[in-house]
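In what follows, a structure is listed as structure tokens, so that the remarks can point back to it.
The values are calculated or read from the model by the stated rules, or taken from the named source; none is laboratory data. Bear in mind that the values here come from a model prediction, so they are computed numbers and not experimental data. So basically every Cβ, Gly included, is an ideal-geometry build from the backbone, and we count neighbours across all protein chains shown. For the accessible areas, the whole protein counts, side chains as well, though only heavy atoms, and no ligand, DNA or RNA atoms are used. Shrake-Rupley method; radii C 1.70, N 1.55, O 1.52, S 1.80 Å.
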Amino acid sequence: LSYVAGLGWFLALAFQPLAPRTYMSENAMGSTMVEEQFLFGERALSYAREFAGHKKKAGGMPVAWLEKTMWNLGLEVHRQPFSRTLPFPDETRERYMVKGTNVYGILRAPRAASTESLVLSVPCSEGPHNNQAVGLMLALASYFRGQIYWAKDIIFLVNEHDLLGMEAWLEAYHDVNITEVQSSGTLGRAGAIQAAISLELSSDVVTSFDVAVEGLNGQLPNLDLLNLFHAFCQKNGLLCTIQGKLQRSDWDSLPAYAHSLQTLLLMVLAQASGRPRGDHGLFLRYHIEAITLRGINSFRQYKYDMTTVGKTLEGMFRKLNNLLERLHQSYFFYLLPSLSRFVSIGVYMPAFGFLILVLTGSAERLWDGDHATGEVRALPLPTAPPPPTPAILTPAFPQESRPGLLVLVPPLLICHAAGLALYFLPVLGQHVATQHFPVSESEAVVLTVIAIYVAGMALPHNTHRCRGREGGDRSWMTLKLLALLYLAVQLGCLALLNFSLGFLLAATMVPAAAVVRPTGPNRVLLAALLVLATPAVTLLLGIFLQRELVEAPAAAAEGWQLFLAAVAEGLLQHHLYGSLLFPFLALCVYPCWLLLWNVLFWK
């Protein structure tokens, strides 16, 4: 009942009573009453064409042209070369070393002493992508240069190699080295960054804007920044979407509920992946509120030119310019069934609480049963006195032996050793694998992960050899009690930081963890259920579900390829940006699942 209540509560989050309308909490941004005067749309297109020509001629980012153009606009211009050695070549480009250059210009505020700043960033992607975004950024810089009301510095950043360039710039700007990226540092600094907007635009006109909010490790920006974008889109008549879904007006109908539930599930899957869905995702680590805006040019009839897009960005920056302190009054933990409605942490957390209640209830039942088996049951008194006993006294009532906690040491050590091997061996042993097998380095890493993961299913045999024949029912009950509490603590801590990942793991692992036992006729069925509850199967099912929600179903072969690519991407995200998904699954969840597997095959 508790498990069904948790799933039912989650499905009900898309209903209107549980998802109130969004509202602006920050007083300084409570109104869109600013008069946007940006009229440089044609100039933006001219900059975009010029940038595309120099980019094609240089075979990459035209650093010299960007520096010259920003200098002519009156900005303080700097460049930042950087390089990064990958732990193994990525799947698409097969490269070990990545080198690039970031170019940024600083517009100094005439009304302040460079204590605070805002950032407008554009990733310089390969091919014709984002040329219009660079052009619009330069046109905005030209327009902003002529205004006198700025109280914060504005940084116009063009970063190369997407997330790698952004991470290099952020580390150099804050004078830290988290991911071992090599750079020359930043020569110019503005004030403390209050907010950032990453722009991705690849066409001269747009039909809508899609906003991305999910950051590294599932972090989310302050909800007020998203509300600000939505407010100015409504003011200028721009269509705006989230997760590629346009919100519906008929909230009371069943199709509208299904549409909201699809949007909610897409956000849960995106947040659970721990991947930043744009360059904004790396700003959140430094307590900088940021979002990514992507211009979409689809089949819709209504088109919007660069002037309308520029006015929207101008209005957002003018309202952010009015901030007296960092964005803090609105929510940092929320789910979005649409852009105009949200689900707060106080509403969605009970769904997770019902699932965890299953683990704690099962643990309490095991605790009570464990104590019941250890009690000495009273027998009826004999009618005649017993005969005299020899000098060596024998106990009248036999008692079941109470195995010590040392019986649990071998499974604990072996399961966590398997987790350490899963974490360290794939990257360290990639060269050995390529020497003995006809595979590339990236393929060797992924196949090693799968091999170690599957080999863990043979651990119960090794565990029995280590612990000998000690223990009985009390042993497996104590081990399961420990595994249930271990899993509950892990998922509880995880849900406070990344609710989506914690809820998905709880929804898949809790039923198998609650019913697993070494006795009974349904051991094969329990083994199948436990295999389906592994994090790897959860990832595979999540990939198929995501493709169904975006209305692009994947076949079995395509889904398997996407699964392999997701495993490789998870390792790269961890080593390059510090994503915690892979180490958490390898060092915490996987050993806990192996403990439950040991319980199932306990002898």
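Scanning the range 22-46 for residues that are farther than 25 Å from Ser330 by Cβ and either open to solvent by less than 30 Å² (accessible area, probe 1.4 Å) or under 35 Å from the mean Cα position of the chain (by Cα) (or both) yields Phe38, Gly41, Ala44, Leu45.
Counting only residues that are surrounded by 21 or more Cβ atoms within 10 Å (Cβ to Cβ) and closer than 13 Å to Glu167 by Cα, the range 277-295 holds 7 of them.
Within the bounds of the range 147-167, is there any residue that is free of Cβ contacts under 8 Å to residues at least 40 places away in the same chain, open to solvent by 10 Å² or more (accessible area, probe 1.4 Å) and on the phi < 0 side of the Ramachandran plot? So far as the range 147-167 goes, yes, one or more of its residues are free of Cβ contacts under 8 Å to residues at least 40 places away in the same chain, open to solvent by 10 Å² or more (accessible area, probe 1.4 Å) and on the phi < 0 side of the Ramachandran plot. Out of Asn130, Asn72, one residue alone is at pLDDT 85 or above and in contact with a Cys (Cβ under 9 Å, 6 or more places away or on another chain). It is Asn130. Answer yes or no as to whether Tyr286 is at pLDDT below 95 and under 17 Å from the mean Cα position of the chain (by Cα). Yes; evaluated as a whole, the condition is true for this residue.
Report yes if Tyr577 is within 18 Å of the chain's Cα centre (by Cα) and farther than 21 Å from Phe354 by Cβ, otherwise no. It is true that Tyr577 is within 18 Å of the chain's Cα centre (by Cα) and farther than 21 Å from Phe354 by Cβ.
Of all residues assigned to the range 83-91, none qualifies as being over 30 Å from Phe424 (Cβ atoms) and in contact (Cβ under 8 Å) with a residue 40 or more places away in the chain. Pairs linking a residue in the range 473-501 that is in contact (Cβ under 8 Å) with a residue 40 or more places away in the chain and in a helix (DSSP H, G or I) to a residue that is β-branched (Val, Ile, Thr) and open to solvent by 40 Å² or more (accessible area, probe 1.4 Å), with Cβ atoms under 7 Å and 6 or more positions apart or on different chains, are Asp473/Thr373; Arg474/Thr373; Ala488/Thr360. Of everything listed in (1) open to solvent by 30 Å² or more (accessible area, probe 1.4 Å); (2) touching a helix residue (DSSP H, G or I) at 6+ places or on another chain (Cβ under 9 Å), the single unmet condition for Ala528 is (2).
Applying the selection to the range 175-221, what residues are among the polar types (S, T, N, Q) and surrounded by 24 or more Cβ atoms within 10 Å (Cβ to Cβ)? Of everything in the range 175-221, just one residue is among the polar types (S, T, N, Q) and surrounded by 24 or more Cβ atoms within 10 Å (Cβ to Cβ), namely Ser198.
Being open to solvent by less than 30 Å² (accessible area, probe 1.4 Å), part of a loop (DSSP other than H, G, I, E, B), under 28 Å from Leu491 (Cα atoms) and hydrophobic (A, V, I, L, M, F, W, C), is that true of even one residue in the range 236-254? No, because not a single residue in the range 236-254 is open to solvent by less than 30 Å² (accessible area, probe 1.4 Å), part of a loop (DSSP other than H, G, I, E, B), under 28 Å from Leu491 (Cα atoms) and hydrophobic (A, V, I, L, M, F, W, C). Looking only at residues of the range 576-603 that are outside any helix (DSSP H, G or I) and hydrophobic (A, V, I, L, M, F, W, C), we find that the one that is nearest to Lys245 (Cα to Cα) is Leu580. Take Pro511 and tell me if it is in a helix (DSSP H, G or I), of a type outside the set (Val, Ile, Thr), open to solvent by 30 Å² or more (accessible area, probe 1.4 Å) and more than 22 Å from Leu412 (Cβ to Cβ). Spelling it out, Pro511 is indeed in a helix (DSSP H, G or I), of a type outside the set (Val, Ile, Thr), open to solvent by 30 Å² or more (accessible area, probe 1.4 Å) and more than 22 Å from Leu412 (Cβ to Cβ). Among the residues of the range 545-575, those identified as in a helix (DSSP H, G or I) and among the charged types (D, E, K, R) are Arg547, Glu548, Glu558, Glu569.
For the range 29-45, the criterion of being out of contact with any Lys or Arg (no Cβ under 8 Å at 6 or more places or on another chain) and under 22 Å from Ile345 (Cα atoms) is met by no residue.
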